[in-house]
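Asker: The following block contains the structure, expressed as structure tokens.
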Amino acid sequence: MDVSSLFLKPKGSAYFDSAATSLTTLPVLQKMQEYYENYRANIHRGAHHFTRQASEEYEQVYEKLAKFFHASSQEFVSVRNTTEAINAVALGMEWKEGDEVVVTEAEHHSNLLPWLRLKSKGVKIRIWEADNVGKLWPEKLAPLVSKKTRLVAFTACSNVLGTKIPVKELAKTAKEASSGKALVLVDAAQYVGHHPVDVREWPVEFLAFSGHKCFGPTGIGVLFHDENAPLQPWFVGGGTIREASLDSYTLLEHRERFEAGTPAIAEWIGLGAALDTITKIGYSNIEAHDKQLVESMLKAFQGQPHNNVQLYGPVNAEDKSCALFAFNVRNLPHHETAVMLDQLGFAMRSGHHCAMPLTKKLGVEGTVRASLHLYNTAEEVEKFGQALKQVSLLA
Ligand SMILES: Cc1ncc(COP(=O)(O)O)c(C=O)c1O
């Protein structure tokens, strides 16, 4: 299925930086423009028809999320991004001295720092090791979990290595090893744009992702929060209360208590359109395209002369969650490699990718990261293989 024409692709270069942010589609922009042009108003405030239409469009997105992730529409909270969603959980759970959190060494800083900060409250952070290609094993998790474990947090796909993670098995291990006590948080920032999620089947209590990594707008993210998992609002204010006096207040139920102040209305509605795009294309087509990209990228790396290119992470297609590759050209600093590839028509990121502990584990200061998505083509991959050869032979 060729869907590359659906996406707004910047001209002049192949876009290989989708793990930082994906491209989007015209319907996403049109949906946001429609809000600004036709019914721009604040939501849940007042009785006029613009506010009613805006509220209706806004509410519909919760219903879409509920269908998408197999949960109740009350269990989704609008936030700015994955980072805010994870911080919201760290700030909203009630911690006591001696509580434990288990987190992996393969995390983006956004799923590490919020937990490290809890050390000041006497919470013990246990680090769960990944293997040298970023795989997470239940056998490594189980001994770290006890009845003291309040939360186990891990990524559904590494943003450095693109390694496939057995989320269901790991979530099950977390539950069994803690006698059902530990809650599970999954960072799905690199996952939702590529694979379907059933939060009940995994099962997880918290799931975080960003709209901008799954074809939606920037500035919008989602926290899935199982309604049975206790969580306090991290902010309070307008929109969250049932009643307020100069003395006290009572909060609304469920998600409404979590969304203080005017949310990112246009972006939330735009996110709904991005979910529609995924539904229309179908995850099976996205996964099939990813598989082709993974296989052809692996061939492009294997075709490099004299072992000039070091590829990190899995080297077999079955262990990749998506077409995301970290690499270095021998004797060439990562930033220089990225600049040279940019000049040859490939936009990709270089650095530690906000995952310093994992980058250090790879024994380097940084890597170049090629991350591809639905709109990338076999032709682009072939040209990338040639460009990489050109750069590595110059080094
Ligand atoms: C795995 C992972 N988690 C969290 C984040 C943070 O996402 P955001 O910057 O949208 O909050 C990223 C961003 O690259 C990521 O790749």
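The values are calculated or read from the model by the stated rules, or taken from the named source; none is laboratory data. Since the model is a prediction, treat every value here as computed from it, not as a measurement. Positions of Cβ are generated from backbone atoms using ideal geometry, with glycine treated the same way; all protein chains shown enter the neighbour counts.
Asker: Please work out if Val197 is within 16 Å of the ligand (Cβ to nearest atom), in a loop (DSSP other than H, G, I, E, B), of a type in the set (A, V, I, L, M, F, W, C) and out of contact with any strand residue (DSSP E or B) (no Cβ under 6 Å at 6 or more places or on another chain).
Answerer: Criteria met by Val197.
Asker: Please go through region 1-27 and give me each residue that is within 16 Å of the ligand (Cβ to nearest atom), outside any loop (DSSP other than H, G, I, E, B) and not acidic (Asp, Glu), ordered by number.
Answerer: Tyr15
Residue-wise test of (1) under 30 Å from Ala88 (Cα atoms); (2) surrounded by fewer than 21 Cβ atoms within 10 Å (Cβ to Cβ).
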| position | (1), (2) |
| --- | --- |
| Trp268 | yes, no |
| Asp276 | yes, yes |
| Tyr283 | yes, yes |
| Ser321 | yes, no |
| His334 | no, no |
| Gln343 | no, yes |
| Val368 | no, no |
| Ser371 | yes, no |
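Asker: Just the residues that are surrounded by 16 or more Cβ atoms within 10 Å (Cβ to Cβ) and more than 16 Å from the ligand (Cβ to nearest atom), please, taken from region 73-94.
Answerer: Selection gives Ser73, Glu75, Phe76, Gly92, Met93.
Asker: Taking into account only those residues within region 164-185 that are within 21 Å of Ala355 (Cβ to Cβ) and touching a helix residue (DSSP H, G or I) at 6+ places or on another chain (Cβ under 8 Å), which is surrounded by the most Cβ atoms within 10 Å (Cβ to Cβ)?
Answerer: Out of the qualifying residues, it is Leu185.
Asker: Please identify the pairs in which a residue from region 63-82 that is at pLDDT 95 or above has its Cβ atom under 7 Å from the Cβ atom of a residue that is within 16 Å of the ligand (Cβ to nearest atom) and charged (D, E, K, R), counting only partners at least 6 apart or on another chain.
Answerer: If the second residue must be within 16 Å of the ligand (Cβ to nearest atom) and charged (D, E, K, R), the pairs left are Thr82/Asp187.
Asker: Does any residue of region 237-252 turn out to be within 16 Å of the ligand (Cβ to nearest atom), closer than 24 Å to Gln53 by Cα and among the hydrophobic types (A, V, I, L, M, F, W, C)?
Answerer: Looking for residues that are within 16 Å of the ligand (Cβ to nearest atom), closer than 24 Å to Gln53 by Cα and among the hydrophobic types (A, V, I, L, M, F, W, C), one finds none in region 237-252, hence no.
Asker: I've got another one for you. Scan region 85-92 and tell me whether some residue there is more than 20 Å from the chain's Cα centre (by Cα), in a helix (DSSP H, G or I) and hydrophobic (A, V, I, L, M, F, W, C).
Answerer: No, there is no match, as no residue in region 85-92 is more than 20 Å from the chain's Cα centre (by Cα), in a helix (DSSP H, G or I) and hydrophobic (A, V, I, L, M, F, W, C).
Asker: Here is a further query. Could you please find all residues in region 141-163 being assigned to a loop (DSSP other than H, G, I, E, B), in contact with a helix residue (DSSP H, G or I) (Cβ under 6 Å, 6 or more places away or on another chain) and of a type in the set (Gly, Ala, Ser)?
Answerer: Ala156
Asker: A follow-up question, please. Considering only residues that are in contact with a Ser or Thr (Cβ under 9 Å, 6 or more places away or on another chain) and more than 9 Å from the ligand (Cβ to nearest atom), which ones fall in region 204-218?
Answerer: The answer is Cys214, Phe215, Gly216, Pro217.
Asker: Can you tell me how many residues within region 206-222 are more than 11 Å from the chain's Cα centre (by Cα) and buried (at least 24 other Cβ atoms within 10 Å of the Cβ)?
Answerer: Qualifying residue count, region 206-222: 4.
Asker: Still on this structure, I have one more. Please return the ranges of strands (runs of 3 or more DSSP E) entirely within region 217-333 where 1 or more residues are among the β-branched types (Val, Ile, Thr) and within 22 Å of Leu374 (Cβ to Cβ).
Answerer: Hits in region 217-333: 221-225.
Asker: If you check every pair at least six apart or on different chains, which have Cβ atoms under 7 Å apart with a residue in region 101-113 that is assigned by TED's automatic domain parsing to the domain that holds Thr83 first and a residue that is more than 7 Å from the ligand (Cβ to nearest atom) and of a type in the set (Asp, Glu) second?
Answerer: Pairs that qualify, where the first residue is assigned by TED's automatic domain parsing to the domain that holds Thr83 and the partner is more than 7 Å from the ligand (Cβ to nearest atom) and of a type in the set (Asp, Glu), are Glu105/Glu129.
Asker: Sticking with this structure for a sec: Of the numbered conditions (1) in a loop (DSSP other than H, G, I, E, B); (2) within 25 Å of Ala323 (Cβ to Cβ), Asn42 satisfies every one except a single condition; which is it?
Answerer: (2)
Asker: So, one more: Against the definition (within 16 Å of the ligand (Cβ to nearest atom), buried (at least 22 other Cβ atoms within 10 Å of the Cβ) and small (Gly, Ala, Ser)), how does Ala188 come out, yes or no?
Answerer: Yes.
Asker: Give the residues of region 98-140 that are outside any loop (DSSP other than H, G, I, E, B), among the hydrophobic types (A, V, I, L, M, F, W, C) and within 16 Å of the ligand (Cβ to nearest atom), sorted by residue number.
Answerer: Val103, Leu113, Trp115, Leu116, Trp128
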